[in-house]
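Here's the structure, in structure tokens; my notes come after.
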Amino acid sequence: MRPISRRRRETLGQGEIRLVLYTPLALEQVLASPLTDEGAATLMRVDERTCLVRVGPDGRRRVERLLSTDPRDFLDPRWQPGQLVD
């Protein structure tokens, strides 16, 4: 492995690491805040499963993301993003 040149080291600074992010998303989407007008998403247990749920402007809770280690849960239409939860 080739050592970083002294000039390159000075540019990076002490302890600074630069990484390249390859993504099809626009820069605005990558740097966007996770909070939206509807509010922050919260973790919630629904029927023994953990979901990331967001309250919409209509006051109803919708599944934003399912957090599960069981692959069958992802095939269940009840846990698809956008579905209403009680």
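All of the numbers you see were taken from the coordinates with simple rules; none came from a lab. Note that the structure is predicted; figures quoted are calculated from it, not measured. Neighbour counts run over all protein chains shown; Cβ positions are idealised from the backbone, glycine included.
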Original post:
If r is the Cβ-Cβ distance from Q80 to L25 and R0 is 25 Å, what FRET efficiency results, to the nearest 0.05?
Top reply: 0.70
**OP:** Quick one: net charge around Q83, please, counting Lys, Arg +1 and Asp, Glu -1 for every other residue with C-beta under 14 Å from its C-beta.
**Re:** +2
